[in-house]
1. How many residues are away from ligand 2 (no atom under 16 Å from the Cβ), open to solvent by 10 Å² or more (accessible area, probe 1.4 Å) and at pLDDT 95 or above if we restrict to region 343-360?
2. Out of the residues in region 68-87 meeting the condition of being more than 17 Å from the chain's Cα centre (by Cα) and under 17 Å from Leu387 (Cα atoms), tell me which one is most open to solvent (accessible area, probe 1.4 Å).
3. Is region 108-124 home to any residue that is free of Cβ contacts under 8 Å to residues at least 60 places away in the same chain and more than 16 Å from ligand 2 (Cβ to nearest atom)?
4. I'd like to verify a number: residues in region 321-372 that are among the aliphatic types (A, V, I, L, M) and within 16 Å of ligand 1 (Cβ to nearest atom), how many?
5. Would you mind stating whether Ala349 is of a type in the set (A, V, I, L, M) and either under 13 Å from the mean Cα position of the chain (by Cα) or assigned to a strand (DSSP E or B) (or both)?
6. Quick check on region 1-18. Is at least one of its residues modelled with pLDDT of 95 or more and part of a loop (DSSP other than H, G, I, E, B)?
7. Within region 22-63, can you find the residues that are without any contact (Cβ under 8 Å) to a residue 60 or more places away in the chain and open to solvent by less than 30 Å² (accessible area, probe 1.4 Å)?
8. Return a yes/no flag: does region 379-397 have any residue that is in contact (Cβ under 8 Å) with a residue 12 or more places away in the chain, open to solvent by 10 Å² or more (accessible area, probe 1.4 Å), more than 15 Å from ligand 2 (Cβ to nearest atom) and under 27 Å from Pro82 (Cα atoms).
Amino acid sequence: MMTLREDAQSLHSDLVELRRALHREPEIGTDLPLTQAKVLSALADLPLEITTGIALSSVTAVLRGGRPGPAVLLRSDMDALPVRELTGEPFASQIDGAMHACGHDLHMAILVGAARLLAARRDELPGSVVFMFQPAEEGPGGAEPMIREGVLDAAGTRAVAAYGLHVVSAKAPYGVFCGRRGALMSAADQVRVTVRGRGGHGSQPHRAKDPIPAACEMVTALSTHVTRAHDIFDPVVVTVGSFHAGTAENIIPADAHFEATVRSFSPEAREKARDGITTVLTGIATAHGLEVDIDYHRGYPVTVNDETEADFVADTIRDLYGADRFVWMPNPEPGSEDFSYVLAEVPGAFVFLGACPPDSDPETAAPNHAPQARFDDGVLADGAQLLAELALRRLARG
Ligand SMILES: [Zn+2]
Ligand SMILES: [Zn+2]
């Protein structure tokens, strides 16, 4: 029998073909019929129990090993972005205004590869593997609905571990994996604020209730508040990116609106920020005799890697590819990711993989989400081998 590595290399051209077919026809959001059909057809000849989503076009595939044991979950996202592609690649998007600019096409090919590798070793597999193909990572979120539809228990028992990876078109060198123990990516919440006063003439503010000075005070108070209330080593970032009020210089408007993004790196800081921000906004409104509506929208939570599982992933990568292929990240990424919902339920780890084309400089290459972002196919076999190895080794641990 071929080794897993030889087997992965032999799949390479098929995975490239699948990735490029997915790349040509990107779909956005929750409903991805063309993408789902390609994933289903790529899995069709394998001994998998397949179910598709109800609320979204997800694919859940279960491989039952020949020996008893626990279940491990491997995840890929499936969706593209509303970006007009400018890479000039021969397999560039044929759908105007949509592009796989975050590399989720590579993730799907990698997870299909892992399914093929593990299916070929089914008899020796001590347990089950759940393959989670998830839409809507870029919004409105697909992991949470898949959890509601039972993906974590798809094998008939709760998964004991979950793993996923994300390719990056910049920053990390080609083929280098980057990981972290604990917080890997931030939570991203959104606050929409409406300060309600009473309109009037600009010459006689005492006859009105002016919402603008109070809203301005809120914006500066929020920045001050986070620096006073939060540990600088467990930071919170608040940015007001939108502020609107009024129509003309001599009219006091009835209300003022602003919106802020709130980024945090631990569940504790996230809760504390929500409470603190609400208290500050309400207090300032009350002090000025105004009312305030606070719409605190929870986005994706902090992506937290289990320490043992993060070490296990790092050890596996170094064992398979050598010590120079893995780097510990000094800081979390300020982006967010909805695999965080899975990692909140099941211990596991998420890892980045540099897929910047070897002919470009990772420091200056176009980043994920840019219309020029290029991801090199050459990483597919290694990605598939890694996910398969993680499942095999984790199941062997029991
Ligand atoms: Zn993205
Ligand atoms: Zn992404």
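The values are calculated or read from the model by the stated rules, or taken from the named source; none is laboratory data. Being a predicted model, the structure only gives us computed values, none of them experimental. Virtual Cβ from ideal backbone geometry, glycine too; neighbours counted across all protein chains shown. Note: accessible area is taken over every heavy atom of the protein model, side chains too, but ligands, DNA and RNA are not part of it. Shrake-Rupley method; radii C 1.70, N 1.55, O 1.52, S 1.80 Å.
1. Residues meeting the conditions: 3.
2. Looking at the filtered set, the residue picked out is Pro70.
3. Within region 108-124 (the criterion being free of Cβ contacts under 8 Å to residues at least 60 places away in the same chain and more than 16 Å from ligand 2 (Cβ to nearest atom)), the answer is yes, since at least one residue qualifies.
4. Taking region 321-372 as the starting set, the residues that turn out to be among the aliphatic types (A, V, I, L, M) are 323, 327, 329, 342-344, 346, 349, 351, 353, 355, 365-366, 370.
If we keep only those that are within 16 Å of ligand 1 (Cβ to nearest atom) as well, we get 351, 353, 355, 365-366, 370.
Number of matching residues: 6.
5. yes
6. no
7. Across region 22-63, there are no qualifying residues.
8. First, pick out the residues of region 379-397 that are in contact (Cβ under 8 Å) with a residue 12 or more places away in the chain: 379-396.
Add one more test, that the residue is open to solvent by 10 Å² or more (accessible area, probe 1.4 Å), and what stays is 382, 389, 392-394, 396.
Restricting the remaining residues to those that are more than 15 Å from ligand 2 (Cβ to nearest atom) gives 382, 389, 392-394, 396.
Filter once more, so that each one left must be under 27 Å from Pro82 (Cα atoms): none.
No, region 379-397 contains no residue that is in contact (Cβ under 8 Å) with a residue 12 or more places away in the chain, open to solvent by 10 Å² or more (accessible area, probe 1.4 Å), more than 15 Å from ligand 2 (Cβ to nearest atom) and under 27 Å from Pro82 (Cα atoms).
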